[in-house]
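Inspection log for the structure reproduced underneath, given as structure tokens.
The values are calculated or read from the model by the stated rules, or taken from the named source; none is laboratory data. Worth saying up front: this structure is predicted, and the values here are computed from it rather than measured. Positions of Cβ are backbone-derived with ideal geometry, glycine not excepted, and every protein chain shown enters the neighbour counts. These accessible areas exclude ligands, DNA and RNA; they are computed on the full protein's heavy atoms, side chains included. Shrake-Rupley method; radii C 1.70, N 1.55, O 1.52, S 1.80 Å.
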Amino acid sequence: MAKKKNAIVYRCSECDYTQPRWLGRCPECGAWNTLQECIADPHANAAVSVGGVAEKAKPVPLESVSAQEGARLMTGIGEFDRVLGGGAMKCSAILIGGEPGIGKSTLLLQTAAQVRKSEPGATVLYVSGEESAGQIKGRADRLSLSVAGIEMLCTMRLEDIRDALHALNPLFVVVDSIQTVYSVEAGIVPGTVNQLKYCASELIGWVKERDSVLVMTAHVTKEGMIAGPKSLEHLVDTVISFERNDDEVRFLRAQKNRFGSVDELGIFAMTDRGLEGIADPSALFVTKREGATPAGIANTCVFEGSRSFLVEIQALTVPAKATISRVYSDRIDSARVARVAAVLEKRTGMRFSDQDLYINVAGGVRLTESAIDAALAAALYSARTDVAVGENTVIIGELSLAGEIRPVPRLKQRVKTAKDLGCTRLFTPETEPGCTRTENIQAMIKNVFAPAPKAG
């Protein structure tokens, strides 16, 4: 009969002697009452097993467990730490997804160098399954990064990575990328569902038992989703999306974060020195023009995490090319655009049902909060009437289906940001010094476009 897997054995806590049944006295060292029930598991993590024998997990009172507050590792990249919630939590796994060439490897190489600089005695392990050591060293030289203390491992085999982890016990581990890693235990073809599940769970299991941080990069599909099973995102503690606009600006946004907020936005500029954080993006997404502002453009102030900045919403309306009008918007949800257009049509008489609507946000940032509704309505109205909103104008407010301009969170900070950037015409849902209060969509249109143009 085949030997039963995960059989119960008894191990001496003094000398690690094991045998199949319990005894009051250890036959090896003679100690009394030291044999403890364990499981014979050859796949157990080496941190909790000896000779393939792992202690059984037992429940403990939650009140006796010490929280890990403050157990964070600062990466040295300010925008990265912001998105992580104030640094990377130790004993955690992070997954970063982004399109090819966006700068994932550059960001993590810079992070590895900064971690090694801030923790001189620690070991940093960089595992690459896509590039050679020479290519990575060449990138480090171009970016003038110090690579002292960074261990390089170019392999696709999980077994090689596991051996290196046990031998080096690194503080910071980079795996670039998880889709290239395979194990002979799950086949020999990288990137399959079984490979991703098995390899990721093995690496995450290792980091959960140590004060280390694991960062894995991931490939994405053409829709921008992380390739592979959704369970991969469930296994890790933090999932980060790396995006870019048409320029050299990169956006880092957390889609899942067990140790912090998912509202923070990290903003980088790609330069010849690598990725550089943009600490003050207040006016980054507002177009600087020499002439007058054209019709179809409205500015508003948004919050991303703890920072506020101005954004420019651009709208264009043209007669529908088919019997059904369409909305073309990839930076603002199309359903939101259609809803705002419907409120405008109902409350102001301006017809949009026979128009194709094109919406864009300058700078390529994606907007999700409701505080942009009033500015979006003004941009659509301006595009439809071909009348400009006006210079130095900022419009803030949420739009209800009844046409009301509703209050938004942290209005004072938004107003302050707009005034600091020289905006003199501010339209808000609540009374603020230097601002014009607008209670509904009709009053907002009348004040912003005074005298209001005739509907047509």
**Item:** Checking residue 202 against (1) closer than 20 Å to residue 99 by Cα; (2) crowded, with 16+ Cβ neighbours inside 10 Å, the condition it does not meet
**Value:** (1)
**Prompt:** Just one of the numbered conditions (1) modelled with pLDDT of 90 or more; (2) surrounded by fewer than 20 Cβ atoms within 10 Å (Cβ to Cβ); (3) over 27 Å from residue 118 (Cβ atoms) is not true of residue 189; which one?
**Reply:** (1)
**Message:** Here's a check for you: in region 318-357, which residue that is surrounded by 15 or more Cβ atoms within 10 Å (Cβ to Cβ) and among the hydroxyl-bearing types (Ser, Thr, Tyr) is nearest to residue 384 (Cα to Cα)?
**Reply:** 348
**Message:** If the requirement is being in contact with a Ser or Thr (Cβ under 8 Å, 6 or more places away or on another chain) and among the basic types (Lys, Arg), which of these qualifies: 258, 250, 244?
**Reply:** 258
**Asked** When region 227-249 is examined, which residues are found to be at pLDDT 90 or above, in a strand (DSSP E or B) and open to solvent by 10 Å² or more (accessible area, probe 1.4 Å)?
**Response** 241
**Asked** Filtering region 288-317 down to residues that are open to solvent by 40 Å² or more (accessible area, probe 1.4 Å) and of a type in the set (A, V, I, L, M, F, W, C), which residue is farthest from residue 359 (Cα to Cα)?
**Response** 292
**Complete:** Of the residues in region 180-215, those that are part of a strand (DSSP E or B) and over 21 Å from the mean Cα position of the chain (by Cα) come to 182
**Request:** Examine region 38-57 for a residue that is part of a strand (DSSP E or B), surrounded by 18 or more Cβ atoms within 10 Å (Cβ to Cβ) and modelled with pLDDT of 85 or more, and state whether such a residue exists.
**Result:** no
**Message:** Within region 162-179, does at least one residue satisfy the condition of being modelled with pLDDT of 90 or more, open to solvent by 50 Å² or more (accessible area, probe 1.4 Å) and in a loop (DSSP other than H, G, I, E, B)?
**Reply:** yes
